[in-house]
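Asker: Structure in structure tokens, see below.
Computed from the coordinates by the stated procedures, all read-outs in this text should not be read as laboratory data. On a predicted model such as this, the values are computed, not experimentally measured, just so you know. Here the Cβ is made from the backbone with ideal geometry for all residues, glycine too, and neighbour counts use every protein chain on show.
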């Protein structure tokens, strides 16, 4: 008998969100669940865990070890029998609890984190580090079924490889069944023996995943952002060391590096959300930012049109911008929790660009998007930057995405910029060993 047996699962709100879904997962099996943003991947996972919004209607059957789950309280199963790694770690961790209160130091070490991080709070970790904390929490109970919802979304290629190897080891060692949700076909192909596609066919997703052309050079002038000898420390931890960087008006600069390398810290200093320990940051122009965690940056008590209107209070303009990033304006009255993670990221992008800033800062702005929607959003981003002459600073761990958006790149490692120049030149001839490592991991998938 299958460990997990799903038959004719249908999830409905004001319309069907998942329809007649059926699949089986054996003990120790690895099933990849892929599909576009909003196709129902995360809803399926939440239905299995019994964590769906109570306003949604669930019909059909979900059985775990022969026990029916639909319509039953599942508290006794969560943790030991089944566990889940959620898509947005900042929303899943208690911001008032130190990491050591969430999970033991030994569990942190098992996922490649320094046990000294146990004394920090979630906001003091990088996005990738927070995701690894969630993985450690899920693995701690050695569940029979492990559900992972985009667990490698915010990780660079090198760290992603380490996490996937870790998940493989856990599945093999403990005979754990793995339901792995992702929009990244390469990750699914690497980790899973079987694949189930929701919405678009597998062939359509493969075609959409082909990288677009490299970003052409754009004209630049003057100075938009200047960093001179900038360092940033958090108690005993140094996040940035003596960083100097000149970004011209109209420039598209990509900042790439591993999880915890200092990318997001650098962006926060430019945005004025934090101050350097030493050095100077000069910014010339109005700045708007797209954050890495859309759930944490949208007000849960406001319908999404009002969140966008905070930046530009014109309902017609808000509706047009939502349409531009692929969100139906008629859904403007819904709240953030009623959208998928990828949809929330597009809403955050709409809010950032609607007021036509001079400088747009994007922190992993497309990391949670499936390949087809990512292409759409990158196209919108490219057009907006060109039409309005924006300066763009684009932080990512995905070098293929960076090549499509930015003609300049700064590679950051352990808080230092180790390489800086034209994207295609560095891609073709990386000089620093760390850059060669990143490009090697990316091209090997």
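Asker: From the Cα gyration tensor of segment 40-113, with a ≥ b ≥ c the square roots of its eigenvalues, which class applies: rounded if a/c is under 1.5, or else prolate if a/b is larger than b/c, or else oblate?
Answerer: Because a/c hits 1.5 or more and a/b exceeds b/c, segment 40-113 counts as prolate.
Asker: Also, I was wondering about something else. Could you compute the FRET efficiency for residue 53 and residue 237, with r as their C-beta to C-beta distance and R0 at 30 Å, rounded to 0.05?
Answerer: The computed FRET efficiency comes out at 0.20.
Asker: Does segment 30-71 classify as rounded, prolate or oblate by the C-alpha gyration tensor (a ≥ b ≥ c root eigenvalues; a/c under 1.5 gives rounded; else a/b over b/c gives prolate, otherwise oblate)?
Answerer: Oblate, since a/c reaches 1.5 and b/c is not below a/b.
Asker: Next question, about the same structure. Classify segment 118-224: rounded, prolate or oblate, from the alpha-carbon gyration tensor (a ≥ b ≥ c, eigenvalue square roots; a/c under 1.5 rounded; otherwise prolate if a/b is larger than b/c)?
Answerer: oblate
Asker: Using the basic label-point model (7 angstrom from Cα toward the beta carbon), what is the residue 223 to residue 206 distance in nanometres?
Answerer: That separation, rounded to one decimal, is 5.2 nm.
Asker: How high is the relative contact order of segment 218-332, in percent, with contacts defined as C-alpha pairs under 8 Å that are six or more residues apart?
Answerer: Relative CO of segment 218-332 lands at 23 percent.
Asker: Working from Cα positions, state the angle (0 to 90°, nearest 10) between the long axis of helix 157-174 and the longest principal axis of the chain.
Answerer: Once rounded, the angle reads 20 degrees.
Asker: Of all DSSP beta bridges located in the chain, what percent are antiparallel, nearest 5?
Answerer: 45
Asker: Can I ask one more? At 0.36 nm per residue, and after removing the present C-alpha to C-alpha distance, how many nm does the segment from residue 80 to residue 315 gain when stretched out fully?
Answerer: In short, 79.8 nm is gained.
Asker: Picking from 325, 283, 373, which is most flexible by a Gaussian network model of the chain using Cα springs under 10 Å?
Answerer: Looking only at 325, 283, 373, the largest GNM fluctuation is found for 283.
Asker: Specify which labelled value, from (1) 67, 51, 41; (2) 74, 53, 37; (3) 78, 53, 47, agrees with Cα extents along the principal axes in Å derived from the coordinates of the model shown.
Answerer: (1)
Asker: Now for a separate question. If you rank 148, 192 by fewest surrounding Cβ atoms within 10 Å, what's the result?
Answerer: 192, 148
Asker: Then there's this: Using only Cα atoms, tell me the angle between helix 371-387 and the longest principal axis of the chain; keep it within 0 to 90° and round to the nearest 10.
Answerer: Helix 371-387 sits roughly 20 degrees off the main axis of the chain.
Asker: Neighbour counts of other C-beta atoms within 10 Å: give me 94, 184, 363 arranged from fewest to most.
Answerer: 94, 184, 363
Asker: Rounded to the nearest 500 deg cm²/dmol, what is the calculated helix-only ellipticity per residue at 222 nm for the chain, with -39500 (n - 2.57) per DSSP H run of length n ≥ 4?
Answerer: For the chain, the value works out to -9500 deg cm²/dmol.
Asker: Report the extension gain between residue 282 and residue 195 in nm, rounded to one decimal, defined as 0.36 nm multiplied by the number of residues separating them, less their alpha carbon distance.
Answerer: Gain in length upon complete extension: 26.4 nm.
Asker: Pairs of Cα atoms under 8 Å, at least six residues apart: use those to get the relative contact order of the chain, whole percent.
Answerer: Once normalised by length, the contact order is 17 percent.
Asker: Can you tell me, using C-alpha contacts under 8 Å and at least 6 residues apart, the relative contact order of segment 4-208 as a whole percent?
Answerer: Relative contact order for segment 4-208 comes out at 29 percent.
Asker: Calculate I(q)/I(0) for segment 4-208 by the Debye formula, one identical point scatterer on each C-alpha and no solvent, and give its log10 at q = 0.13, 0.17 Å⁻¹ to two decimals.
Answerer: For segment 4-208, the Cα-only Debye profile gives -0.71, -1.21.
Asker: How big is segment 1-125 by Rg and Dmax over its Cα atoms, in Å?
Answerer: Every Cα atom of segment 1-125 included, Rg and Dmax give 17.1, 48 Å.
Asker: So, one more: Of all alpha-carbon pairs in segment 173-318, indicate the percentage at a distance above 23 angstrom.
Answerer: 63
Asker: Send over the per residue convex hull volume for segment 221-444, Cα only, as a whole number of Å³.
Answerer: 124
Asker: Let me ask another. Would you mind checking the tilt of helix 433-444 against the longest principal axis of the Cα atoms of the chain, expressed as 0 to 90 degrees and rounded to 10?
Answerer: Compared with the principal axis, the helix lies near 40 degrees.
Asker: Label points 7 Å out from Cα along the Cβ direction at residue 109 and residue 432: separation in nm?
Answerer: Between residue 109 and residue 432, the simple spin-label model gives 3.1 nm.
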